[in-house]
Amino acid sequence: MLQAQGGGSLEAKIESLLNVEKQMRQVGDVAGTRKAATDILQLCYEAGAWQTLNEQILLISKRRGQLKQVVQSMVQQAMQYIDQTPDIDTKIELIKTLNSVSAGKIYVEIERARLIKKLAKMKEEQGHIAEAADLMQEVAVETFGAMAKTEKIAFILEQVRLCLDRQDYVRAQILSRKISPRVFEADPSKEKKKHKEGESIVEEAPADIPSLLELKRIYYQLMIRYYSHNNDYLEICRCYKSIYEIPSVKEDSAQWIPVLRKICWYLVLSPHDPMQSSLLNSTLEDKNLSEIPHFRLLLKQLVTMEVIEWTALWGTFENEFANEKDMLGGSLGEKAAEDLKLRVIEHNILVVSKYYSRITLKRLADLLCLTVQETEKHLSDMVVSKALVAKIDRPLGLICFQAAKDSNDILNLWSSNLEKLLDLVEKSCHQIHKETMVHKAALSLKS
């Protein structure tokens, strides 16, 4: 009976406030209409009438000539009640109601993005990762002018994470390209000044949004997950290098040592190319590398033009390789040990090509500690990938590392040699003429 009276009293109060809201709306009183609408929501919340709350939100938002400011205030107030709901079903129902009200309205686009993020998080907790990812992809926050930059980045990173969790690597890459790495280098204080000078007002990011530098770390950790899927070791190394440059990481040895170890390993695992060579030399110049001398030695071996013995190298670094699974970022991958051996073989072939113009296949196989068939396979792979110029004469079992010269190159070389010869002849004639003149002068003085 008391509940019925309370319900009747609530309905009477709501009806009274709805009449006030109508009057205020018709005269265009924004403050009065907003006050009446938010009071109705407050009444429903205090009475615990969640179904009535949902109905009133829909009713007020659909009233003829409803003011934008009223809908915005109503959505913002109702969002504060989400965490106070008694159960998960009520919470989902309230979020869905607010989503339907804010759909297609540019003035509540930020609120809608936050609502969808909450709903996606709940779906993920229930184990519905695919549904959560689909929900998040509906929102294109990069077009929201009033949303804070850090909140935009955090939202896109959440989209990328959910795509990686559902193993949708193509969409994860597309979404990750919405964030330019240069955005993490911006000075936050300068950014704030720009917004104050501009016409559009940018909202402050919520308190739970991480700082720009923390977002940078999250971004590169997600990109490491993406590149690990393709075993793109060089890109993984560059991601770790960017994490290593974060000031908070560089100041704490407990953080930068595992990161620097990973940089070294992935540099060694990366195929030889100009970018890898540049990163290798810059890492060797890093003073912090002296703290982990084993890895300095490993990189030195790659830079030195000497053949590396695989068994000795693996015997030295096998334990370090196994220990990586307990470090930051986990193990180096299933194929990492095989790829490490492959990189050592490639390094050795490049070293041999520097010292020999021609070599027999059997001798090369002995230097690499491989069979003739394995040597031929690895050499062919390097030629196909254009890491090396070589020709194999299979009947003779001979390898030539010299590139074939076309007629233009030969002509240019001949022209250059001829120029040098003529220069030498001219200098010799000049010296002979000089000596002749000196002797003539000496003879004339004696006479």
Inverse mean reciprocal Cα-Cα distance (Kirkwood Rh) of segment 219-298, Å: 12.8 Å
Computed Kirkwood radius, in angstrom, where 1/r is averaged over Cα pairs of segment 58-172: 15.0 Å
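At a threshold of 8 angstrom on Cα-Cα distance, excluding pairs fewer than six apart, so keeping six or more, what relative contact order does the chain reach in percent?
On the way: 368 pairs, mean separation 29.0, N = 447.
Result for the chain is 6 percent.
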Reach of LYS287 by Cα under 29 Å, taken over lysines that are not fewer than 8 positions away in the same chain: LYS216, LYS241, LYS250, LYS262, LYS300, LYS325, LYS341
Carbon and sulfur %, accessible surface of the chain computed with the full protein complex present, 1.4 Å: 53 percent
For segment 1-146: relative contact order, % (alpha-carbon pairs under 8 angstrom, 6 or more apart): 16 percent
Fluctuation leader among MET147, MET437, MET24 - the chain, Gaussian network, Cα springs under 10 angstrom: MET437
Segment 192-326, relative contact order [Cα under 8 Å, separation at least 6], %: 15 percent
Segment 293-447 shape via C-alpha gyration tensor axes, a/c threshold 1.5: prolate
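How large is the accessible surface per residue of the chain, computed with a 1.4 Å probe and reported in Å² as a whole number? Each step should come with its number before you reach the end.
On the way: 26220 Å² over 447 residues.
That works out to 59 Å² for each residue.
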Debye intensity ratio I(q)/I(0), log10, the chain, q values 0.10, 0.11 Å⁻¹ (C-alpha model): -0.90, -0.99
³J(HN,Hα) computed for each position of segment 338-349 - Karplus, 6.51 cos²θ - 1.76 cosθ + 1.60, integer Hz, glycine/proline x: 5, 5, 5, 5, 4, 5, 5, 4, 4, 4, 5, 5
Per-residue ³J(HN,Hα) for segment 351-366, Karplus 6.51 cos²θ - 1.76 cosθ + 1.60, θ = phi - 60°, Hz, x for Gly and Pro: 4, 4, 5, 6, 9, 10, 8, 9, 7, 6, 4, 5, 5, 5, 4, 5
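Stokes-Einstein diffusion coefficient for segment 84-129 at 20 °C in a medium of 1.002 mPa s, Rh from the Kirkwood formula over Cα pairs: what value in µm²/s? Walk me through the numbers on the way to the answer.
Numbers: Rh = 11.1 Å.
Answer, rounded: 193 µm²/s.
Write down Rg/Rh for segment 1-141, rounded to two decimals, with Rg from the C-alpha atoms and Rh from the Kirkwood relation over Cα pairs. Display every interim value, and only then the final one.
Numbers: Rg = 16.1 Å, Rh = 15.9 Å.
My calculation puts Rg/Rh at 1.01.
Compute the FRET efficiency between ASP39 and ALA207 as 1/(1 + (r/R0)^6), taking r as their Cβ-Cβ distance and R0 = 35 Å, and round to the nearest 0.05.
Working: r = 27 Å, r/R0 = 0.78.
The pair ASP39/ALA207 has a calculated efficiency of 0.80.
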Span from the segment 73-105 Cα centroid across to the segment 255-327 one, whole angstrom: 53 Å
Candidate lysines - alpha carbon under 22 Å from LYS427, same-chain residues fewer than 8 apart omitted: LYS440
Global size of segment 131-172 as Cα Rg and Dmax, reported in angstrom: 10.5, 32
Segment 202-264: C-alpha gyration tensor shape, a/c 1.5 cut-off, then a/b vs b/c: oblate
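What trypsin sites (Lys or Arg not before Pro) does segment 82-160 have in DSSP loop regions with at most 16 other beta carbons within 10 Å?
On the way: sites: LYS91, LYS96, LYS105, ARG112, ARG114, LYS117, LYS118, LYS121, LYS123, LYS149, LYS152; in loops: LYS105.
Taking segment 82-160 and a limit of 16 other Cβ atoms within 10 Å, the loop trypsin sites (Lys or Arg not before Pro) found are LYS105.
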Positive-end residue, the chain charge dipole about Cα centroid, Cβ charges, pick of THR375, SER100, LEU398: LEU398
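Answer rounded, prolate or oblate for segment 248-340, using the Cα gyration tensor with square roots of eigenvalues a ≥ b ≥ c: rounded when a/c is under 1.5, else prolate when a/b is larger than b/c, else oblate. Display every interim value, and only then the final one.
Numbers: a/c = 1.57, a/b = 1.17, b/c = 1.34.
Oblate.
The values are calculated or read from the model by the stated rules, or taken from the named source; none is laboratory data. Predicted model only: the values in this text are computed from it and were never measured. Here the Cβ is made from the backbone with ideal geometry for all residues, glycine too, and neighbour counts use every protein chain on show. Side chains included, ligands, DNA and RNA excluded: accessible areas come from the protein's heavy atoms. Shrake-Rupley method; radii C 1.70, N 1.55, O 1.52, S 1.80 Å.
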